[in-house]
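K.L.:
Can you keep this structure in mind? I'll have questions shortly.
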Amino acid sequence: MPGYTREIDTIKKDHQAAELRVLGLTYQQIGDRLGYSRQAAYQAVERAIADIPRMATEELRTIELEKLDDLERKLRMILQRKHYKVSASGKVVYDSTGEPVTDSGPEIQAIMGILKVIDKRAKLLGLDAPVKTQTEVTVYDGTGEVERELYERALAWRQWQADNGGEGDRSALPMGGQGSAGAETA
């Protein structure tokens with residue numbers, strides 16, 4: 001059932017029923033021991049069996065999230081350290097004032113690593129799941145008032161272009177139903 005959650009005691013009894021079934025007890029025997037009917041004992045065992053993949057998945061997800069948290073902690077430690085440029089011979093490079101030259105490369109790599117961890121965590125938690133959208137399209141069949149008005153304006157525009165050689169001021173065109181096709185312009 002969607003939205004149905006079982007109580008902890010029910011989950012424990014379901015798993016106890018499954019353990020009894022593994023020991024070879026019949027559903028009737030399981031029901032007698034747990035105070036269930038034969039059918040309820042069967043359903044309890046089925047629920048317990050259905051929990052196995054979910055429990056394994058949740059445990060695996062928890063382990064993976066812990067790994068990602070550990071990686072992110074390590075990357076943030078790298079990000080907080082000072083990094084200096086090192087020459088090919090392995091010595092720290094100094095500027096003209098005698099100060100060591102900082103190297104932003106490790107910081108940038110740590111930032112990129114953190115972003116990858118964040119992305120992986122979001123995927124693991126299902127935060128990147130596609131968002132369902134609904135689009136509504138309204139189609140007009142050309143028999144409404146708006147369509148009639150637009151048609152009349154288009155005819156008036158064509159007439160106006162024919163009368164004025166395609167040039168001139170369009171402000172004299174009939175607007176808002178004030179004229180019709182072939183209407184005289186001012």
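K.L.:
Would you mind ranking T138, T57 so that the residue whose beta carbon has the fewest other beta carbons within 10 Å leads the list?
P.N.:
Least crowded to most crowded, the residues run T138, T57.
K.L.:
Now a separate question. Does segment 31-141 come out rounded, prolate or oblate, given a ≥ b ≥ c as the square roots of the eigenvalues of its C-alpha gyration tensor, rounded meaning a/c under 1.5 and, failing that, prolate meaning a/b above b/c?
P.N.:
Oblate, because a/c is 1.5 or more while a/b does not exceed b/c.
K.L.:
Take the alpha carbon gyration tensor of segment 94-150, find the square roots of its eigenvalues, order them as a ≥ b ≥ c, and report rounded if a/c is under 1.5; if not, report prolate when a/b exceeds b/c, else oblate.
P.N.:
Verdict is oblate for segment 94-150.
K.L.:
Sticking with this one: Residues with amide H under 5 Å of Y84's amide H, sequence separation 5 or more or different chain, H placed in the peptide plane at 1.01 Å from N; which?
P.N.:
Sorted by chain and number, the residues that satisfy this are D103.
Bear in mind that the values in this text are calculations on the coordinates, not laboratory data. Owing to the predicted nature of the structure, the values given are computational and were not obtained by experimental measurement. Virtual Cβ from ideal backbone geometry, glycine too; neighbours counted across all protein chains shown.
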